[in-house]
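Visitor: Could you have a look at this structure, given as structure tokens, before my questions?
Every read-out reported here was derived from the displayed coordinates using simple, explicitly stated rules and does not represent laboratory data. Computed from a predicted structure; not experimentally measured. Note that each Cβ is placed from the backbone with ideal geometry, even for glycine, and that neighbours are counted across all protein chains shown.
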Amino acid sequence: MEDTQAVASLVQRCVAGDASAWEEIVHAYHRRIYNICYRFAGSAEDAEDLTQEVFIKMYRTLNTYDGSRGAFMTWVTTVTRNLLVDHFRRRKHDRLTDSLEATPPGEESAPTLGEHLQDSAPSAEAQVRSQETQRLVHQALQKLSPELREAVILRDLQDMDYKEIAQVLRVPEGTVKSRINRGRTELARLLSRTYGQVT
Amino acid sequence: MNGKTHNPMRCAEFEAVLADAIDAAISQSVMESLRAHAGACATCGPMFTAAQAGLRWLKSLEEVEPPRNLMRNILIATSGAHEAEERIAILRPWREKAGGWLAPVVASVYATIRQPRVALTFAMAFFSISLLLSAVGVDFRDLRRLDLRPSAIQNDLFRGYHQTTARVMRFYDNVRFFQKFEAQVRELKNAAQSEQEQPDKSRDRQRKDDTSGSPDRRYENYSREESSRVLARRYAHPLKEHTLMLNRRTS
């Protein structure tokens, strides 16, 4: 939880032209923003570019931040999410949840995600810990629709509460919960097709 | 409600509390109702299990490490963007102002320069200047020895002015000398000619002055020719006047 007063002071110093304050902000938030971008965009290169874009946009619009309207973290996440939506529209990757029979983009000759998971060892616990499984879960996450993906990323990866997510996504809290439920379920369905178990 | 059970919870209620149930943010009684519904409903039961599994999958994802130079790149990009914005703000009005009238001028000059005859003219001019400079003795390799100090430039200018003035004065002195010499030569030549002509004229005059046959004519000649000739010669040369006097006496 961020210290609201400290963050407000930091933002004020930054708006006044204090370079060290801006450096502090970048240091405090760049990791989190990079992770959101990476999980949403799917690639490290895109995530790096998007993170830079987010900070450039933040730098230009920092004076519009109003502490009374919400936490700085929520504002930062909103800026990030808006850029991610723009990025998604640019790329025209507006795809709905794909089945595991589909091969990953650019890897037509490669085995499908389902085949990949079938080849893996049976122990779910061991797979979860492994890098390969992480990669496959990340790949499955990319197959969710953007609405479900952003909801589960903000809730389950960034640990934001429903109210904040509703503020960022500009939808009611009930819709947020519904999307999170559907996102989790869909992800489990995608992965369980191969494993034959969901637990 | 797909699953027809005797459980008081409906599917819509189940879905509404599912997220909170997974977060363990509901009371024990609600949780029991939910479990009961999940166990009885063919749709909600698997959904509950899948949502829990999905959460586990998602939680298994570890935080990724950002690239090492990401923060540095962000700081460079943001400070660069700031500086670039300032530079653009300064330059834009000038560029916009100049662009309006400069573009057609530049375009016309560029179109002219592109013509082959203009390039040929430039080449010829360059060739001519190079030849002239090399003939004068200018060596571009020695340009580094050129003294460009203000005092040296001033001295060079003074020296050049005085040298030019001296050269002009010398030219006019020479011209004056030659004119004097020429005048002397012309004078001597005239004197020699007049001395040659003098005996012939004396003889003519003696013949004319012989007025034994016609005294009136002698008078006329005297009054008309003699006086004017004397006057003219007096102005012409004193030596000639003297000669004339001698001639008179002899006559």
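Visitor: Assign one of three labels to the range A:6-50, namely rounded, prolate or oblate, based on the Cα gyration tensor with a ≥ b ≥ c the square roots of its eigenvalues; rounded applies when a/c is under 1.5, prolate when it is not and a/b is larger than b/c, and oblate otherwise.
Guide: Note, shape of the range A:6-50 comes out prolate.
Visitor: Continuing with this model, one more query. Provide A:I36, B:I129, B:I26, B:I74 in ascending order of the number of other Cβ atoms located within 10 Å of each residue's Cβ, fewest first.
Guide: B:I129, B:I26, A:I36, B:I74
Visitor: Based on other C-beta atoms within 10 Å, arrange A:I165, A:I25 from fewest to most.
Guide: Taking fewest neighbouring Cβ atoms as first place, the list is A:I25, A:I165.
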